[in-house]
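Remarks on the structure that follows.
Taken together, the values in this text are just the output of simple stated rules run on the coordinates, not laboratory data. Note that the structure is a prediction, hence the values are computed from the model and not measured. Cβ sites come from the backbone with ideal geometry, for glycine too, and all protein chains shown count toward neighbours.
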Amino acid sequence: MADISASPEGLPGAKSSLYAQSDRTRRRNAAETRFKYYGMGAVAIGVIALVCLLTSILSNGLSSFQQTFLRVEIFLDPAVVDPQGNRDPEEMAKVFTFGYQPLIKGSLEAQAQELAAGPAPEITPQLLAGMVSSAAPADLRDFVLANPDRVGETVEFNFLANARIDQYLKGRVTRESAALDSRVDVAQLNAADELVAIGQMQKRFNWDFIFGPDASENRPEAAGIGVALIGSAYMMLIVLVIAVPIGVGASIYLEEFAKKNWLTDIIEVNISNLAAVPSIVFGILGLAVFINFMHLPISSPLVGGLVLTLMTLPTIIIATRAALKSIPPSIRDAALGVGASKMQAVFHHVLPLAMPGILTGTIIGLAQALGETAPLLLIGMVAFVREYPDSILDPAVGLPVQVYNFTNRADPAFVERASGAIIVLLVFLVIMNLVAIILRRRFERRW
Amino acid sequence: MALSYFVILLLALSAAGYVMGRRKALAAAGGDSRGLHSLLSFYGWNVALAAFLTGIVILALWALFGSTLAGSMSWLGGVAALVAAAGAFAVAYGAIAPDYRARNSVEAKVKGILIFCSSVAILTTLGIVLSMLFETGHFFSQYSWSHFFFGTEWTPRFSGNSELGMLPLLWGTLYVSLIALCVSVPIGLFAAIYLSEYATPGIRAVAKPAIEVLAGIPTIVYGLFALITVGPLLRDYFAGPLGIGDSSRSVMTAGLVMGIMLIPFVSSLSDDIINAVPQSLRDGSYGLGATRSETIKQVVVPAALPGIVGAVLLAASRAIGETMIVVLGAGAAAQLSLNPFDAMTTITVKIVSQLTGDTDFASPETLVAFALGITLFVLTLCLNILALYIVRKYREQYE
Amino acid sequence: MDDMRIVERQLDQQELKIKADNVQVYYGTSHAIKDVSVEIEDKTVTAFIGPSGCGKSTFLRCLNRMNDTIDICRVEGQILLDGENIYDKKVDPVQLRAKVGMVFQKPNPFPKSIYDNVAYGPRIHGLAKNKAELDEIVEKSLRRGAIWDEVKDRLDAPGTGLSGGQQQRLCIARAVATEPEVLLMDEPCSALDPIATAQVEELIDELRSNYSVVIVTHSMQQAARVSQKTAFFHLGNLVEFGETGQIFTNPVDSRTESYITGRIG
């Protein structure tokens, strides 16, 4: 330590005033500011991406909750809808949808002539007929079968306008695009404007989008997500009933009872890996085991629910174990100290205290399962299903799969439907996450 | 379904077991339950559980394998289950005596249930591996493995004679993932650094949840976003005018959107890892007159590097296994191209398309999906194990 | 204890290095430092003693504005370093901390090589023009830190692989490398064993010839061994400040006496 007594060498600027920033400090501070802006930029990009995503979905989808209807007075001719004349719905059901077409055609013609004579001189019967959805006869038939007593009356009926007219009134079909489209022409758009002006045609809230069944390729205006909602509800029920007990049971064993040995190690590694396995692999598993091996019905919510159960299980186990881990050992010691068995200590004391955490984890797992699409595609849930499923064994679709179905169809009007279905899905997810947050806030305990 | 009736019968039998077990125990103790070894209800539970567990295990086995063994006689398993349950009932009922350790017996059974619950995870993995291996075996008996792994042509035909080379799919997968990581890693990392080291509590309270919301959005939503917004935007304002692509579905579309999806994933993992770096290291650096950014770049990030690498690997595994975004955003054309504005396809897209088509299930065109599936599984598994190992080693370093 | 040595210790009249006037520190709403004024001399070891939570570490961290890194901390009053107020708006804490180095309670070497640990400060402040100069600074600093002989053959080994005492001397060498004028030490020996403590204390005494050293310690014996001036803090107040010998043998304030004799603490 020879040079220990040597005084510090005067460096250039070492004795300089603190009040003056050296060039180097200025450069370093500039770098500091730049770095900070990079960080702000990154956060901003994330937030902007979220805003764009939501804006895109909302702007495309919100309008799907509204639908354009054409108000038409229609005489429910008993000779057509009830040839037997006894008002028996079973007898009346023998008249097929096709049989209602002339009825509608006739009333549309009458309506067109009336309009042409009065407020809207340009309306022709052909124009009007071309503006009504091809789902109209089916809708009318459903109405008649549900209200047989109104046969013979003239009723005011709201027919769905077809998708092009609807999209035009929502601003998505323009005159330029209509000119290139074989399924609509500009005269119809003009007529639609006139009908709107006189109140004959209007947009209304469309419950059928939320609760109605899907519709075929060329009638997007009639498509709904009702079947998908029921399918998703069934699947969530199955996940809840199967995944939660198994997940909680597994967590209790691993956290409270399992001895530290190679088997437990394998289970632990296995669970953390399962949590990161791509979801589509669970779909392959479901196809191979539940459908090909166990011969459970294809496209059924049962199989969907089982696949989602296996997929969510790791999430629930990880959350539950964290909840159990946060309960201090003193609680267990206290119970053991008064002579409770280990099992009693866990079930009487630890588990109730861990409940809020377990519930939160469960809800998050359910939310994840609700939004999952890929595995369901592989077990046949992409099928076109119009019948409401009565049990978990009937064919159904899930909400996210319904979105995928909509996107696969050629008609651009389905984009609106897909976005609308996503809005419904997101509403459910927001509610679930809010519940989870509230639970956590309300019951969170600091030990 | 006949099975559910048997389950109801079994439940009824167990309920009867509970009542009768209780009653016999009480009688055996001469009407005073304090004379028993365990609480009275344990004697009831013991009988009920003995009957129910025996029955349900046999029913479950029957549901799994019965249809292959006995064909149409579906009631056989149910009857066998009920008979066995009744036997177990009788044994447990017979054992009741004042000094019988009913609580220990019940707890052993409950523990058995818990062990079964934890083994479901193992069974799932086994199921995944075995089912895919089995079908992949079928596939390779019909199609050469070297053509599959090293083939550069992917042209499945309904008529047979398909070329099922995996390389174009693997290339598409890796290309999309690479773009996704190029987007998400810098943004996620910088966002995490900003939020944990710079942001005021007010900004953090808004920005952090906003970014985390991105993680809760289902992938189908991102897929739709790619399909209806990002894809057309890239085509009309970027690729189109530059003349480098005319498809709205492209590697770039899928990669960008997937990158957005992964931002919260990378940022929350990095956040954890950066917060695990001890404050004393930061203090040491500030004490020497380092600025915040110098401290982060030269002390915090190097110290957190292993953890960050682990996080990136986990994100990569996510990107490789992601399905809906590429199904809707990347396209279906299997090709080996370098242009990111070309439509390309990935392993996951082809798994979906091969398994949702109407082809014969035993044909190589369908079975190839299982071979793709196991490739995907092995790929992601290796990444996950490596990542978890690195992250765990990293955590131990600062504990 | 060699208390006798203190009394005989030669005290040169030194020039003033740091002058604190009416310093107040608040953590959120709690008033952590109450109206402290103190004068710290150059080429002197000044010890801050007092029971835990008395504010001695907080006050130390004010001297190089380390408290700036804590959001809720607010400092009032003024602290002059060579006559310049370090809390002035024009002062960049980054430049200040190069002049006022700090050594912490727990040895905190960066997870880098020994060489890079010491070179870190010179690199960020741009003190070396080239590699040779940097080598020279590193060697000189390690010698000042009295650890050169132990590590000269393994400068590439990670700093975290050293023993606790070596780590702390490495941290001192790291602080010295930026050519500071003042060295702040926050209980530098509390995490060390007695032998390592003795080595570090010896080093502190040697450092006195070049720097103004301020050391916070909860060990009165340590303060008596290494310091020439001692300040006693209690509940955020500076109770007594004076020559170490006087504080330990003939305290003015009854609280100081109670603390020294072990009645409060």
Practice problem: Enter the Cα centre distance for the pair the range B:253-314 and the range A:375-447, rounded to the nearest angstrom. | Solution: 35
Exercise. From other protein chains only, count the Cβ atoms within 10 Å of every residue's Cβ in A:421-433, then give the mean.
Key: 2
Self-check item: Selected from C:GLU41, C:GLU181, C:GLU133 as most flexible by GNM, with chain C as the system and alpha-carbon contacts under 10 Å
Solution: C:GLU133
Exercise. Would you look at the GNM of chain B, springs on alpha carbons closer than 10 Å, and say which of B:ILE115, B:ILE128, B:ILE193 moves the most?
Key: B:ILE115
Exercise. Report Rg (one decimal) and Dmax (nearest whole number) for the range B:154-397, counting Cα atoms only, units Å.
Key: 20.7, 74
Self-check item: Distance (nanometres) between label positions extended 7 Å along Cα→Cβ at C:LYS129 and A:ALA187
Solution: 9.2
Self-check item: 18 Å reach of a label modelled at C:ARG154, 7 Å along Cα-to-Cβ, counting backbone N of the range C:195-209
Solution: C:196
Quiz item: Dividing the Cα convex hull volume of the range B:2-139 by residue count, how many Å³ per residue is that?
Solution: 105
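What's the long-distance tail for the protein assembly as shown, i.e. % of Cα pairs beyond 52 Å?
Every Cα pair in the protein assembly as shown considered, those over 52 Å come to 44 percent.
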Quiz item: Hey, how many Å between the Cα centroid of the range B:196-250 and the Cα centroid of the range B:333-365?
Solution: 25
Self-check item: DSSP-defined beta bridges in the range C:128-261 - what % are antiparallel, rounded to 5
Solution: 55
Practice problem: Find the all-direction average of the projected area of the Cα convex hull for the range A:66-205, expressing the result in square nanometres with one decimal place. | Solution: 8.3
Quiz prompt | Cβ-Cβ FRET estimate between A:ASP265 and A:ALA110, R0 fixed at 60 Å, reported to 0.05 | solution = 0.15
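Quick one: dipole size for the protein assembly as shown, taken about the Cα centre, charges +1 on Lys/Arg Cβ and -1 on Asp/Glu Cβ, in debye to the nearest 20. Don't skip to the answer; put the middle values down first.
Details: 87 positive and 100 negative charges, 431 e Å.
In debye, rounded to 20, the protein assembly as shown gives about 2080.
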Quiz item: Once the range B:98-243 is represented by equal point scatterers at the alpha-carbon sites, with solvent omitted, what log10 I(q)/I(0) does the Debye formula produce at q = 0.15, 0.16, 0.21 Å⁻¹?
Solution: -1.10, -1.13, -1.26
Exercise. Output the relative contact order of the range A:66-205, whole-number percent, from Cα pairs under 8 angstrom with separation of 6+ residues.
Key: 38
Exercise. With springs only between Cα atoms under 10 Å apart, run a GNM on chain C and tell me which of C:ILE79, C:ILE33, C:ILE195 wobbles the most.
Key: C:ILE195
Quiz item: lysines within cross-link reach of C:LYS19: Cα-Cα under 21 Å, excluding same-chain residues under 8 positions apart?
Solution: A:LYS15, C:LYS34, C:LYS43, C:LYS56, C:LYS89, C:LYS90, C:LYS99, C:LYS229
Quiz prompt | Efficiency of FRET from Cβ geometry, C:SER258 and C:ASP193, R₀ 35 Å, rounded to 0.05 | solution = 0.75
Quiz item: Which value, in Å³ per residue, describes the convex hull spanned by the Cα atoms of the range B:103-145?
Solution: 50
Quiz item: Roughly what angle does helix C:131-144 make with the longest principal axis of chain C, taking Cα atoms, 0 to 90 degrees, to the nearest 10?
Solution: 40
Quiz item: In sequence order, what are the phi-derived ³J(HN,Hα) couplings for the range A:398-411 according to the Karplus relation 6.51 cos²θ - 1.76 cosθ + 1.60 with θ = phi - 60°, rounded to whole Hz, with x for glycine and proline?
Solution: x, 4, x, 5, 4, 4, 4, 4, 4, 5, 7, 8, 6, 5
Quiz prompt | Protection-proxy order for peptides C:182-193, B:53-64, each taking the mean of Cβ atoms within 10 Å per residue, highest first | solution = C:182-193, B:53-64
Exercise. Starting from the coordinates of the alpha-carbon atoms of the range C:1-153, obtain the Kirkwood hydrodynamic radius over all distinct pairs and give the value in Å to one decimal.
Key: 18.2
Exercise. Calculate the radius of gyration of the Cα atoms of the range A:203-329 to one decimal place, then report Dmax, the largest Cα-Cα distance, as a whole number, both in Å.
Key: 19.5, 66
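Which length gain, in nm to one decimal place, applies between A:ASP88 and A:LEU180 when the Cα-Cα distance is subtracted from 0.36 nm times their residue separation? Present the calculation step by step, with values, prior to reporting the outcome.
Details: separation 92, 0.36 × 92 = 33.12 nm, distance 4.73 nm.
Contour length minus the Cα-Cα distance gives 28.4 nm.
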Quiz item: How well do other chains shield peptide A:402-409, expressed as the mean number of their Cβ atoms within 10 Å of each residue Cβ?
Solution: 3
Exercise. Please report B:TYR198, B:TYR237, B:TYR43 as a ranked list, fewest other C-beta atoms within 10 angstrom at the top and most at the bottom.
Key: B:TYR237, B:TYR198, B:TYR43
Practice problem: Could you quote the convex hull projected area for the range A:406-447, Cα atoms only and averaged over all directions, in nm²? | Solution: 3.6
Quiz item: Near A:LYS325, which lysines are there with a Cα under 16 Å away, not counting those fewer than 8 places off in the same chain?
Solution: A:LYS259, A:LYS260, A:LYS342
Quiz item: What span do the alpha-carbon atoms of the range B:255-399 cover on each of the three principal axes, reported in whole Å from largest to smallest?
Solution: 70, 32, 21
Self-check item: Principal axis box of the range C:152-265, alpha-carbon based, largest edge first, Å
Solution: 53, 28, 23
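Take each of the peptides C:252-264, B:178-190, A:412-424, average the number of other beta-carbon atoms within 10 Å over its residues, and list them starting from the highest.
A:412-424, B:178-190, C:252-264
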Quiz item: From the square roots a ≥ b ≥ c of the eigenvalues of the alpha-carbon gyration tensor of chain A, which class results: rounded (a/c under 1.5), prolate (a/b over b/c), or oblate?
Solution: oblate
Quiz item: Relative contact order for chain C using alpha-carbon pairs under 8 Å, separation at least 6, rounded to a whole percent?
Solution: 28
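Assuming 1.567 mPa s and 4 °C, estimate D for the range B:163-297 with Stokes-Einstein, Rh taken as the Kirkwood radius over Cα pairs, in µm²/s.
75
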Self-check item: Taking the range B:154-397 and dividing mean pair separation by its residue count, relative contact order in percent (alpha carbons under 8 Å, at least six apart)
Solution: 29
Quiz item: Distance in nm between label sites at C:THR69 and B:HIS147, each 7 Å beyond Cα in the beta-carbon direction?
Solution: 6.4
Self-check item: Structure-based [θ]222 nm, chain A - -39500 (n - 2.57) summed over DSSP H runs of at least 4, per residue, nearest 500
Solution: -18000 deg cm²/dmol
Quiz prompt | 3J(HN,Hα) from dihedral phi, the range A:378-385, Karplus parametrisation 6.51/-1.76/1.60, rounded to Hz, x for glycine, proline | solution = 6, 9, x, 7, 8, 4, 7, 10
Quiz prompt | Theoretical FRET efficiency, 1/(1+(r/R0)^6), r = Cβ-Cβ of A:THR97 and B:VAL206, R0 56 Å, to 0.05 | solution = 0.55
Quiz item: Hey, if you drop one equal point scatterer on each alpha-carbon of the range A:226-443 and run the Debye formula without solvent, what base-10 log of I(q)/I(0) do you get at q = 0.09, 0.11, 0.12, 0.13 Å⁻¹?
Solution: -0.42, -0.60, -0.70, -0.79
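Can you pull the mean other chain C-beta count within 10 Å for peptide B:243-254?
0
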Quiz item: How big is the gap, in Å, between the Cα center of the range C:154-182 and the Cα center of the range A:31-101?
Solution: 69
Exercise. List the equivalent ellipsoid semi-axes of chain C in whole Å, largest first, each obtained as the square root of 5λ for an eigenvalue λ of the Cα gyration tensor.
Key: 30, 22, 17
Self-check item: Residue-by-residue Karplus 3J(HN,Hα) for the range A:235-247, coefficients 6.51, -1.76, 1.60, Hz, glycine and proline x
Solution: 5, 4, 4, 5, 4, 4, 6, 9, 5, 5, x, 5, x
